Amino acid sequence: MKKHLILISNIIAFVNILALMATGVILRWVLPPGSGGGHGFRGGRGPQTQPKTFLEWGRHDWGDVHFWLAVIFTCMIVVHLVLNWPWIRATFFPRKPKREPSAATG
């Protein structure tokens with residue numbers, strides 16, 4: 001049962017990171033800063049253009065999606081660490097064997 005939970009959490013985290021990367025690409029190259037219709041550093045002066053959108057969503061909408069995907073991914077990492085904690089503990093914090101008192105020192 002635990003192996004199935006680990007597998008499911010890994011799949012969800014993988015799909016989530018792909019979506020996170022896709023929204024990052026959209027925000028970086030499809031809807032770069034300043035694509036909001038001319039309200040940039042000039043304070044709204046100058047020619048007003050229509051805000052750029054992708055799939056009818058603007059930069060701020062995609063930014064919200066990107067943020068929530070990041071929150072979900074962070075939660076999935078925590079779930080992954082909790083489910084794999086026995087392996088992490090055994091690998092990085094091994095228990096030292098108890099030493100038996102020898103008869104010579106005894």
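Read-outs: derived from the displayed coordinates by stated rules, not from any lab. As the structure is a prediction and not an experimental result, all values here were calculated from the model. In this analysis, Cβ positions are derived from the backbone assuming ideal geometry, glycine residues included, and neighbour counts consider all displayed protein chains.
Arrange the peptides 49-60, 13-24 so that the one whose residues have, on average, the most other Cβ atoms within 10 Å appears first.
Working: 49-60: 12.6, 13-24: 14.7.
So the peptides 49-60, 13-24, ranked by packing, come out 13-24, 49-60.
Give me the compactness ratio for region 44-101, meaning the Cα radius of gyration over 2.2 N^0.38 Å.
2.39
For region 56-71 and region 9-34, write down the distance between their C-alpha centroids in whole Å.
Rounded to whole Å, the Cα centres lie 9 Å apart.
Find out how many positive minus negative residues lie around Pro86, taking Lys and Arg as positive, Asp and Glu as negative, among other residues whose Cβ is under 14 Å from that of Pro86. Each step should come with its number before you reach the end.
Numbers: positive: Lys2, Lys3, Arg89, Arg95; negative: none.
For residues surrounding Pro86, the net value is +4.
Around Ser9, with a cut-off of 12 angstrom between Cβ atoms, what is the net charge of the other residues, counting Lys and Arg +1 and Asp and Glu -1? Present the calculation step by step, with values, prior to reporting the outcome.
Numbers: positive: Lys2, Lys3; negative: none.
Result for the neighbourhood of Ser9: +2.
Test of understanding: what is the full-extension gain from Trp87 to Thr74, defined as 0.36 nm times their sequence separation minus their Cα-Cα distance?
On the way: separation 13, 0.36 × 13 = 4.68 nm, distance 2.00 nm.
Using 0.36 nm per residue and subtracting the Cα-Cα distance, I get 2.7 nm.
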